[in-house]
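**Q** Structure provided below as structure tokens; questions to follow.
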Amino acid sequence: MSLADQARGDLKLTGLHKRYPNGFVAVESLDLVIPQGSFFALLGPSGCGKTTTLRMVAGLEEATKGTIHIGDQDITHAKPYKRPVNTVFQNYALFPHLTIAENVAFGPKRRGAKDPAADVKEILALTELTEQAGKRPAQLSGGQQQRVALARAIINRPDVLLLDEPLGALDLKLRRAMQLELKRIQDEVGLTFVHVTHDQEEAMTMADTVAVMNKGRIEQMGAPYDLYTNPHTTFVANFLGRSNLIKGKVVGREGTGADAVVKVDMHGTIATIKASKVHTTSDEGWVGIRPEKVLIQPEGQTIDAPGAALSGAVVVDASYIGVSTDYTLRMPWGQEITCFEQNTGRRGGLIPVGTKVDVSWRPEFAFLLDSAQDVEAGLEED
Amino acid sequence: MEALQRVFGKNAAYYLIGPAAIWLAVFFLFPMLSLLTTSLSDPATGSPINGYTLTWRVQNYVEALGDYWPYMMRSLLYAGIATILCLVLGYVLAYAIAFKAGRWKTVMLVLVIAPFFTSFLVRTLSWKLILADNGFIVNTLQTLHILGEDGRLLATPFAVIMGLTYNFLPFTILPLYTSLEKIDPKLNEAAADLYASPFQRFTKVIWPLSLPGVVGGTLLTFIPATGDYINASLLGSPNTQMVGNKIQQLFTTAGDYPHAAALSVILMVIIVGMVLVYVRRAGTEELL
């Protein structure tokens, strides 16, 4: 029997609300449907409510209001040990007094399985832990412990598997390897994975759908590609990757349907933005452009972009990273913007600091955000 | 190490264990040898004042055991019951301090240790007042007809065991607390997540992880409680005397050092034997 046969429906959070006794609202009226079998990521900075949401689904935290359903089954007030949900904890929380095989067999035994040995063997093989079966958690490396935590949870074939920053304790290289591993296992077992993380790269590489959370609410939800190319708020634009946000005034709207565009005056230069990427109704807005979409060329040379070019920018910093170079440019109105340029060799060297450059981008990459939002929202403080 | 060898020569390692060796010799080996030689001396020819000569009189052991084995058994029984009571009471309290006390943790720990600020003797004497025949507790129990008209608490095995439990409880609580405090509360959550009911979480996770504390705490209670004589002499009667009372009487009242020493050695051997079996059964050999 394949593990996938067990899953029984979508995870549905309706008006989920969590208010702590001290008055702090961790999660605010959250509505969310996570389709069965998907790999879903809740992404946000620490304190955004993502872990609280996860703990409410696991039953480790009681919701103040709202309901949690899996399929038609209401599990809002079910005890944690009576839910078809398992968790991979942040620091794994493996039982130190039990062997790896005993750790993995813990769940099945509590549910009255007479002889879970065959299941344990199968799961240990899937997670490549067969050799470790007789060892204690303390004898394993971080990556192996992580796999034990995963094996211990998926052996129970839960309807929903919750992963609480499961890769946070691993070093970068191991984390990359484990990301692929997790993805492979999810494809193989087909359970619904809900992954909580503050690492945007991790969320984007692994999940089908990412929900960006901020201050107890979901700011935006969608496929990683859509979130990155078409952010709806300054928080998402800054938290998911980086963005240059330039103040602009809406001067006109043209075209209809898919060709509709909005014209924006940025300090004297008119930029064209696709209507589908405009997320403000006011006359002012932040024109957003990702640093790798920014094209630059020393003054007087032609830029390979059909849009208008901003002239008069000066290179104030150039850091060479090998595959690319990060340029910091000072615009004529004083703002600094960033440009990542692939080192294709076309330029035959770096543009020296102090050089005057023209700046442009392909119009389809720009987006327009509400000017009332904080331009620094979602920037990491550290 | 090289610098040390320049100063002390190639035997540097022996010099380094010197202080520990001297400490052991003065505080352990020497008193132990003295006890053993006294236990094998002839009680008829020597006296506490003139000293004893070693005559290898093994008969002392046979006589001590023959005369006093009922006291030995009573000691083991009383100490055993007190240890179990301490474990039950201590576990509940240590668990509460470790997991539920929050910001009151330090205050509660200080309260556990607080009785040590007064003398052991004074605290035991105060129990004598509490359990007295005309005291509040006895009167109340008599009014409720739980105790008969001439029923009493003082001078009963109950009083002695209660005294032992009271006096040794902190020795059970502290190792238990240390063990429980080290358990990551996340393990409890993980067990709940993996379908363990509250009872199973205790039996499968908390209890096994607290075993070092259980073994440590019960040993620290059982060993001194077995040899204790203060509780039996202050709260008990001639019918509740423990082996400690006999050893004390032989040393002080009777002045019979060889038999007292022999009885002490027997007690020590029995306890060491029991501890070895216990620790092995509990699977906590690393404690030794």
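**Q** Can you pull out the residues in the stretch A:162-176 that are surrounded by 16 or more Cβ atoms within 10 Å (Cβ to Cβ), at pLDDT below 90 and not in a helix (DSSP H, G or I)?
**A** If the condition is that a residue be surrounded by 16 or more Cβ atoms within 10 Å (Cβ to Cβ), at pLDDT below 90 and not in a helix (DSSP H, G or I), then A:165, A:166, A:167, A:170 are the ones that fit.
**Q** Among the residues of the stretch B:35-49, is there at least one that is on the phi > 0 side of the Ramachandran plot and over 23 Å from the mean Cα position of the chain (by Cα)?
**A** Scanning the stretch B:35-49, I find no residue that is on the phi > 0 side of the Ramachandran plot and over 23 Å from the mean Cα position of the chain (by Cα), so the answer is no.
**Q** What's the total number of residues in the stretch A:338-382 that are under 21 Å from residue A:263 (Cα atoms) and either part of a strand (DSSP E or B) or of a type in the set (D, E, K, R) (or both)?
**A** Total satisfying the criteria: 9.
**Q** Something else: Which one is farthest from residue B:265 (Cα to Cα) among residues in the stretch B:14-58 that are β-branched (Val, Ile, Thr) and in a helix (DSSP H, G or I)?
**A** The extreme case among them is B:17.
**Q** Residue under question is residue A:231, and the condition is that it be within 18 Å of residue A:35 (Cβ to Cβ) and either of a type outside the set (Gly, Ala, Ser) or touching a helix residue (DSSP H, G or I) at 6+ places or on another chain (Cβ under 7 Å) (or both); does it hold?
**A** No, not satisfied.
**Q** Right, something else. Return a yes/no flag: does the stretch A:253-273 have any residue that is more than 19 Å from residue A:338 (Cβ to Cβ), touching a Phe, Trp or Tyr at 6+ places or on another chain (Cβ under 9 Å) and of a type in the set (A, V, I, L, M, F, W, C).
**A** Within the stretch A:253-273 (the criterion being more than 19 Å from residue A:338 (Cβ to Cβ), touching a Phe, Trp or Tyr at 6+ places or on another chain (Cβ under 9 Å) and of a type in the set (A, V, I, L, M, F, W, C)), the answer is yes, since at least one residue qualifies.
**Q** Within the stretch A:31-76, how many residues turn out to be of a type in the set (A, V, I, L, M, F, W, C), within 14 Å of chain B (Cβ to nearest Cβ) and more than 21 Å from residue A:182 (Cβ to Cβ)?
**A** Total satisfying the criteria: 3.
**Q** Which residue out of B:79, B:25 is touching a residue at least 24 places away in the same chain (Cβ under 8 Å) and either over 25 Å from the mean Cα position of the chain (by Cα) or surrounded by 11 or more Cβ atoms within 10 Å (Cβ to Cβ) (or both)?
**A** When all the criteria are applied, what remains is B:79.
**Q** A follow-up question, please. Could we say that residue B:222 is at pLDDT 95 or above, within 14 Å of chain A (Cβ to nearest Cβ) and farther than 23 Å from residue B:37 by Cα here?
**A** Judged against the criteria, residue B:222 is not a match.
**Q** Kindly list the number of the only condition in (1) crowded, with 20+ Cβ neighbours inside 10 Å; (2) more than 25 Å from residue A:204 (Cβ to Cβ) that fails for residue A:138.
**A** Result: residue A:138 passes all but (1).
**Q** Also, I was wondering about something else. Which ones in the stretch A:330-359 are loosely packed, with under 15 Cβ neighbours inside 10 Å, farther than 19 Å from residue A:376 by Cβ and within 32 Å of the chain's Cα centre (by Cα)?
**A** Scanning the stretch A:330-359 gives A:342, A:343, A:344.
**Q** Residues that are in a loop (DSSP other than H, G, I, E, B) and touching a Leu at 6+ places or on another chain (Cβ under 7 Å): does the stretch A:14-28 have at least one?
**A** Within the stretch A:14-28 (the criterion being in a loop (DSSP other than H, G, I, E, B) and touching a Leu at 6+ places or on another chain (Cβ under 7 Å)), the answer is no, since none of the residues qualifies.
**Q** Among the candidates B:76, B:153, B:109, single out the residue that is touching a helix residue (DSSP H, G or I) at 6+ places or on another chain (Cβ under 7 Å) and closer than 30 Å to residue B:254 by Cβ.
**A** Matching residue, one of B:76, B:153, B:109: B:76.
**Q** Now for a separate question. Being away from chain A (no Cβ under 14 Å) and closer than 23 Å to residue B:278 by Cα is true for just one of B:131, B:153, B:174, B:144. Which residue is that?
**A** B:174
**Q** Would you check if there is a residue in the stretch B:61-68 being at pLDDT 95 or above, surrounded by 11 or more Cβ atoms within 10 Å (Cβ to Cβ), of a type in the set (Phe, Trp, Tyr) and more than 24 Å from residue B:227 (Cβ to Cβ)?
**A** no
**Q** I would also like to ask the following. Looking at (1) in a strand (DSSP E or B); (2) within 11 Å of residue A:41 (Cβ to Cβ), which one does residue A:218 not meet, given that it meets all the others?
**A** Residue A:218 satisfies all of (1) in a strand (DSSP E or B); (2) within 11 Å of residue A:41 (Cβ to Cβ) except (2).
**Q** For the stretch A:238-268, how many residues are closer than 18 Å to residue A:329 by Cα and free of Cβ contacts under 8 Å to residues at least 24 places away in the same chain?
**A** Result for the stretch A:238-268: 1.
**Q** Mind counting the residues in the stretch A:281-330 that are hydrophobic (A, V, I, L, M, F, W, C) and in a strand (DSSP E or B)?
**A** Total meeting the criteria: 12.
**Q** Next question. Only one of these conditions is not met by residue A:96: (1) facing chain B (nearest Cβ under 9 Å); (2) under 18 Å from residue B:184 (Cβ atoms); (3) surrounded by 17 or more Cβ atoms within 10 Å (Cβ to Cβ). Which number is it?
**A** (3) is the only condition that residue A:96 fails.
**Q** What's the total number of residues in the stretch B:188-210 that are over 15 Å from residue A:105 (Cα atoms), at the interface with another protein chain (Cβ under 8 Å from one of its Cβ atoms) and either of a type in the set (A, V, I, L, M, F, W, C) or more than 27 Å from the chain's Cα centre (by Cα) (or both)?
**A** Counting residues in the stretch B:188-210 that are over 15 Å from residue A:105 (Cα atoms), at the interface with another protein chain (Cβ under 8 Å from one of its Cβ atoms) and either of a type in the set (A, V, I, L, M, F, W, C) or more than 27 Å from the chain's Cα centre (by Cα) (or both) gives 3.
**Q** Test residue B:71 against the stated conditions and say whether it is of a type in the set (Ser, Thr, Tyr) and either at pLDDT below 95 or under 30 Å from residue B:108 (Cα atoms) (or both).
**A** no
**Q** Can you name the condition, by its number, that residue A:297 falls short on among (1) touching a residue at least 60 places away in the same chain (Cβ under 8 Å); (2) within 28 Å of residue A:235 (Cβ to Cβ)?
**A** (2)
**Q** Within the stretch B:102-129, which residues are hydrophobic (A, V, I, L, M, F, W, C) and buried (at least 16 other Cβ atoms within 10 Å of the Cβ)?
**A** B:108, B:109, B:112, B:127, listed by residue number.
**Q** For the stretch A:234-256, what are the residues that are surrounded by 21 or more Cβ atoms within 10 Å (Cβ to Cβ) and of a type in the set (Val, Ile, Thr)?
**A** Within the stretch A:234-256, A:234, A:236, A:246 qualify.
**Q** Does residue B:111 qualify as being out of contact with any Leu (no Cβ under 9 Å at 6 or more places or on another chain), closer than 27 Å to residue B:207 by Cα and at pLDDT 90 or above?
**A** When the stated conditions are applied, residue B:111 passes them.
**Q** Starting from residues that are in contact with a Gly (Cβ under 8 Å, 6 or more places away or on another chain) and of a type in the set (A, V, I, L, M, F, W, C), keep the ones in the stretch A:144-202 and report whichever is nearest to residue B:196 (Cα to Cα).
**A** A:153
**Q** Now a separate question. Please pick out the residue among A:125, A:101, A:118, A:105 that is modelled with pLDDT of 95 or more and either away from every other protein chain (no Cβ under 14 Å) or within 31 Å of the chain's Cα centre (by Cα) (or both).
**A** Every option except A:101 fails the conditions.
The values are calculated or read from the model by the stated rules, or taken from the named source; none is laboratory data. In this text, all values refer to a predicted model and were calculated from it rather than measured experimentally. Cβ atoms come from the backbone with ideal geometry, glycine included; neighbour counts cover every protein chain shown.
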